[in-house]
Amino acid sequence: LHTMTLREAITAAPRVKPHVVCAQIHDAKDDLLMIRLEGQKLFVERNDVGDVLLDDHYVLGAPFDLKIEAGAGVVNVWYEGEHKLNWPVSRSGCYFKAGCYTQSNVSKGDAVESYGEVMIYRLHVEHGPRS
């Protein structure tokens, strides 16, 4: 079982396209799951599977607790202590990422000086025995 728990806040997003990813599971080729903010909508994005809403009125700068757990062919996500996702999925070579990944650039209309920012207050990753 592999677990990432963190307390973080998204504190800034680009103005034109205010989309920021703050945590994810990635494999060798692409992201499997992303915790993404678009405007005020904070959600779990799963490529081509459907999004799972975490908060539809997220306010920039508001800290939140997140837990992502993966193992034995299942990914679980908790937001503010509430279980939000149980997703049967299997991939190999996966790893956790946390930080600020803006989803905009100058070709999307944002200025060169635009930025996103994520404050990580606490981060813990744990890898248990293989199942």
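When the criteria are applied in full, Tyr79 fails the requirement of being among the hydroxyl-bearing types (Ser, Thr, Tyr) and touching a residue at least 40 places away in the same chain (Cβ under 8 Å). Is one or more of the residues making up segment 6-15 among the acidic types (Asp, Glu) and over 11 Å from the mean Cα position of the chain (by Cα)? No, that holds for no residue. Per the conditions (1) buried (at least 20 other Cβ atoms within 10 Å of the Cβ); (2) under 15 Å from Ala98 (Cα atoms), the sole criterion not satisfied by Thr5 is (1).
Considering only residues of segment 61-89 that are part of a loop (DSSP other than H, G, I, E, B), touching a Lys or Arg at 6+ places or on another chain (Cβ under 9 Å) and at negative phi, which is modelled with the lowest pLDDT?
Just the residues of segment 61-89 that are part of a loop (DSSP other than H, G, I, E, B), to begin with: 61-63, 72-73, 80-81, 89.
In the following step, the residues that additionally are touching a Lys or Arg at 6+ places or on another chain (Cβ under 9 Å) were identified as 63, 81, 89.
Among the residues that remain, those that are also at negative phi are: 63, 89.
Details: Pro63: 99, Val89: 94.
Among those that are part of a loop (DSSP other than H, G, I, E, B), touching a Lys or Arg at 6+ places or on another chain (Cβ under 9 Å) and at negative phi, it is Val89.
For segment 90-128, residues that are more than 17 Å from the chain's Cα centre (by Cα), in contact (Cβ under 8 Å) with a residue 40 or more places away in the chain and either in a loop (DSSP other than H, G, I, E, B) or surrounded by 14 or more Cβ atoms within 10 Å (Cβ to Cβ) (or both) total 9. Here Phe43 clears all of (1) in contact (Cβ under 8 Å) with a residue 24 or more places away in the chain; (2) in a strand (DSSP E or B) except the condition numbered (1).
Can you tell which of Val21, Val52, Val59 is over 13 Å from Gly116 (Cβ atoms) and either touching a residue at least 24 places away in the same chain (Cβ under 8 Å) or surrounded by 15 or more Cβ atoms within 10 Å (Cβ to Cβ) (or both)?
Numbers: Val21 fails: over 13 Å from Gly116 (Cβ atoms); Val59 fails: either touching a residue at least 24 places away in the same chain (Cβ under 8 Å) or surrounded by 15 or more Cβ atoms within 10 Å (Cβ to Cβ) (or both).
Result: Val52 is the single residue among Val21, Val52, Val59 that is over 13 Å from Gly116 (Cβ atoms) and either touching a residue at least 24 places away in the same chain (Cβ under 8 Å) or surrounded by 15 or more Cβ atoms within 10 Å (Cβ to Cβ) (or both).
In segment 29-40, the condition of being in contact with a strand residue (DSSP E or B) (Cβ under 7 Å, 6 or more places away or on another chain) and polar (S, T, N, Q) is met by no residue.
Listed residues Asp31, Asp65; which is touching a Leu at 6+ places or on another chain (Cβ under 8 Å), of a type in the set (D, E, K, R) and surrounded by fewer than 18 Cβ atoms within 10 Å (Cβ to Cβ)?
Asp65
The values are calculated or read from the model by the stated rules, or taken from the named source; none is laboratory data. Here the structure is a predicted model, which is why all the values come from computation and not from measurement. Virtual Cβ from ideal backbone geometry, glycine too; neighbours counted across all protein chains shown.
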